[in-house]
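Before any comments, here is the structure.
No lab work stands behind these numbers, since they all come straight from the coordinates. Here the structure is a predicted model, which is why all the values come from computation and not from measurement. Cβ placement follows ideal geometry from the backbone for every residue including glycine, while neighbour counts extend to all protein chains displayed.
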Amino acid sequence: MICGCGTALFAGSQVYKGNEKFYKEYLMPCLSRCLEPETAHNLAIFVAKNNLVPKQKYADPPSLVCAITIKHLNTCTYFAHVF
C-alpha cells in the first residue's frame, strides 16, 4: 500500500510539473497498455473539460499559428477537433 501511494504521489507530481520525459517514457506507454483507445480519448476529454491538468507554462511557437481568412488560431490542433 505504501509503495502504491508513493508511486501515485510521484506520478502526480511529475504530471503537475509537466515533465516531458516522464510522459514519454513512463506514463504514455503504461496508459497505452492499460486503456483502450476510445477509453483513453474519453478520459482525455474529461480531464480537459474539468481543467484537471495545469495550463502550459510556455507560449506556443509562431510556427503553430494558423490563419483562416480573417480568423487567426493559436494552434492548428483546432482542425483535428473540427474534423
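Which net charge results when you count Lys and Arg as +1 and Asp and Glu as -1 among the other residues whose beta-carbon is under 15 Å from that of ASN42?
Working: positive: LYS49; negative: GLU36, GLU38.
Counting the neighbours of ASN42, the net charge comes to -1.
Estimate the FRET efficiency between LYS55 and CYS5 by the formula 1/(1 + (r/R0)^6), using the beta-carbon distance for r and 25 Å for R0, to the nearest 0.05.
According to the calculation, E is roughly 0.40.
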